[in-house]
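Remarks on the structure that follows.
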Amino acid sequence: MEEKSFKLPVINGHRELLYYFANFFEEEQKGKDIPLRFVVTKTDDKYYYCETGCLPPSSSIAARHDESIFRFRKRKTENTNSFNAMLLIPTGIGTEIGGHAGDAGPVSRVIASCCDNLILHPNVVNASDINEMTENTLYVEGSVLSRLLLGTVGLQKVRSNRVLMVIDNHKLDIFVNAAINSVNAARATYGLNCPEVIKLEPSIKMSATYSDSGRAVGKIEGLENLFELLDERSDEFDAVALSSVIKVPHSYHMDYFKSEGEMLNPWGGVEAMLTHAVSHYYNLPSAHSPMFETEAIANIDPGVVDSRMAAEAVSVTFLQCILKGLQRSPKIITDEKAILQNDVISAEDISCLIIPDGCIGLPTLAALEQGIPVIAVRGNTNVMENNLEALPWGLNQLHIVDNYLEVVGAMSAIKAGISIESIQRPLHSTKVTTKIIAEKQPETLTKVNEGGINFVS
């Protein structure tokens with residue numbers, strides 16, 4: 001699995017973009033690469049510049065029953081009995097907040113205090129050995145978050161999951177032992193149910209790179225080995241925790257810590273590619289943490305680092321955040337009738353989507369089509385180059401704010417049913433227009449057989 005780039009011509013008014021991109025893959029790309037992750041990195045007057053994480057058609061995984069990542073079910077109603085927000089901070093795009101090691105955790109806690117349920121993906125709260133998400137937070141893998149907005153899956157809360165731990169069969173026992181100790185610590189301190197730790201041999205091979213747009217991406221080899229294992233143990237777990245080595249140039253480890261937040265985290269992009277594949281094909285929660293490659297790398301002393309990176313500087317396994325998140329990650333419901341049951345959160349239940357400004361991917365496109373309000377945060381800068389205001393939003397559907405404190409205000413206004421415009425100044429005058437109806441000739445009645453009547457002009 002690897003990342004590929006392409007561009008498509010801009011269409012008039014950017015209308016029905018979701019269908020436009022879906023048709024490209026279903027018609028022009030049919031029989032070619034299978035997309036599992038999709039993003040528009042830049043839009044100009046001529047083109048949409050797109051990047052997608054793909055499986056080659058020759059892959060044994062590609063032969064499995066596959067559902068398009070663009071599949072869409074239009075929601076027919078909006079449930080206003082509860083207020084459920086979705087917080088998205090895409091992995092690997094260098095966001096000022098949430099682009100490092102769980103540094104959007106405080107944001108998530110503030111937003112969670114203002115809604116009944118907060119739905120987010122691991123990148124928002126994963127901070128190595130720290131995960132401080134609230135009780136009303138639903139920890140959902142990124143591809144599942146997209147499908148929830150697309151209307152093709154629902155989420156059902158669980159009391160707990162059986163979390164299968166799959167790790168590289170690392171040649172150095174110190175890293176294998178550290179991973180096992182992390183699982184045991186989770187079992188002893190917060191009651192994790194882990195049926196087994198499995199050392200995978202041969203391990204999947206992951207390498208991290210940067211795309212032309214500057215996003216963190218990568219390449220995955222040996223994915224079929226992991227899938228064979230998951231097939232064999234499919235009845236023994238409800239969620240999958242993964243830990244494996246991610247190959248990067250040796251200098252990246254110190255360069256990242258010394259960059260004072262300027263270097264884009266190289267590891268997260270390829271991790272998202274892996275978990276997208278797992279959750280897409282198995283409809284199960286999944287999350288990944290990286291393993292150190294060597295003792296020399298593990299023993300690097302970066303000194304005092306930028307606060308946003310500090311969680312990574314003090315961890316060996318980076319595992320506790322995903323174990324805690326997966327422990328109660330909601331069940332993914334795919335049955336079309338079950339999705340609409342009262343105890344299942346579906347697209348009908350999503351009250352708003354919160355994103356960094358400039359981000360266009362499946363969640364944004366789905367929200368646009370579903371009529372879900374979108375709050376875009378201008379201050380959470382990133383490498384995406386799209387003008388969200390150019391999209392064909394419904395009336396008062398897009399709200400661009402400067403920071404996450406303003407997000408809370410926008411959410412409160414939406415929840416209260418108050419026009420955001422009405423609490424801002426200047427308050428512009430109401431638009432008044434005149435509609436002139438052309439005069440019509442009066443209609444007359446003409447008798448027909450058996451007392452019936454016809455309208456004729």
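Quick note: the coordinates plus some simple rules give every number you see, no bench work behind them. As the structure is a prediction and not an experimental result, all values here were calculated from the model. Don't worry about glycine lacking a Cβ; one is built from the backbone with ideal geometry, like all the others, and counts go over all protein chains shown.
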(Q) Quick check: Cα centre of region 148-200 to Cα centre of region 340-377, how many Å? (A) 28
**Q.** Residue among L120, A239, N181 farthest towards the positive dipole end of the chain, charges placed on Cβ
**A.** L120
**Q.** Whole-Å distance, taken between Cα centres, linking region 25-49 and region 268-314
**A.** 27
Q: With an 8 Å cut-off on Cα pairs and a minimum separation of 6 or more residues, tell me the relative contact order of the chain in percent.
A: 21
Q: Arrange the following residues from fewest to most other Cβ atoms within 10 Å of their Cβ: I436, I423.
A: I436, I423
Q) Mind checking the dipole of the chain: about its Cα centre, +1 per Lys or Arg Cβ, -1 per Asp or Glu Cβ, Debye to the nearest 20? A) 1060
Q. Can you tell which of H253, C352, V39 lies farthest toward the positive end of the dipole of the chain, using +1 and -1 charges on the Cβ of basic and acidic side chains (Lys, Arg; Asp, Glu)?
A. C352
(Q) With a cap of 11 neighbouring Cβ atoms within 10 Å, and only residues DSSP puts in a loop, list the trypsin sites (Lys or Arg not before Pro) found in region 160-193. (A) K171
Q) Using the 10 angstrom Cβ neighbour count as an exposure proxy, how do R215, R328, R159 rank, fewest first? A) R159, R328, R215
Q) Reachable lysines from K171, Cα under 18 Å, same-chain residues fewer than 8 places away excluded? A) K199, K205, K247
Q: State the answer as a single residue: which of F318, G361, N382 lies farthest towards the positive end of the charge dipole of region 309-392, with beta carbon charges of +1 for Lys and Arg and -1 for Asp and Glu, about the Cα centre.
A: F318
Q: State, as an integer percentage, the relative contact order of region 1-121 based on alpha-carbon contacts under 8 Å between residues 6 or more apart.
A: 23
**Q.** Of (1) 30.6; (2) 38.0; (3) 29.1, the label for mean projected area of the Cα convex hull in nm² derived from the coordinates
**A.** (3)
Q: For region 2-63, calculate the relative contact order in percent as a whole number, restricting contacts to Cα pairs under 8 Å that are 6 or more residues apart.
A: 44
Q) Quick one: H280, H428, fewest Cβ neighbours within 10 Å first, how do they rank? A) H428, H280
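Let me know the charge dipole size of region 2-63 about its Cα centre in debye, to the nearest 20, where only the beta-carbon of Lys, Arg (+1) and Asp, Glu (-1) is charged.
Using Cβ point charges on Lys, Arg, Asp and Glu, region 2-63 gives about 40 debye.
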(Q) Within 10 Å of each candidate Cβ there may be at most 14 other Cβ atoms; applying that plus a DSSP loop requirement, which trypsin sites (Lys or Arg not before Pro) in region 358-449 survive? (A) R378, K431, K435, K440
Q | Cβ-placed point charges (K, R +1; D, E -1), dipole of region 338-443 about Cα centre in debye, nearest 20 | A | 360
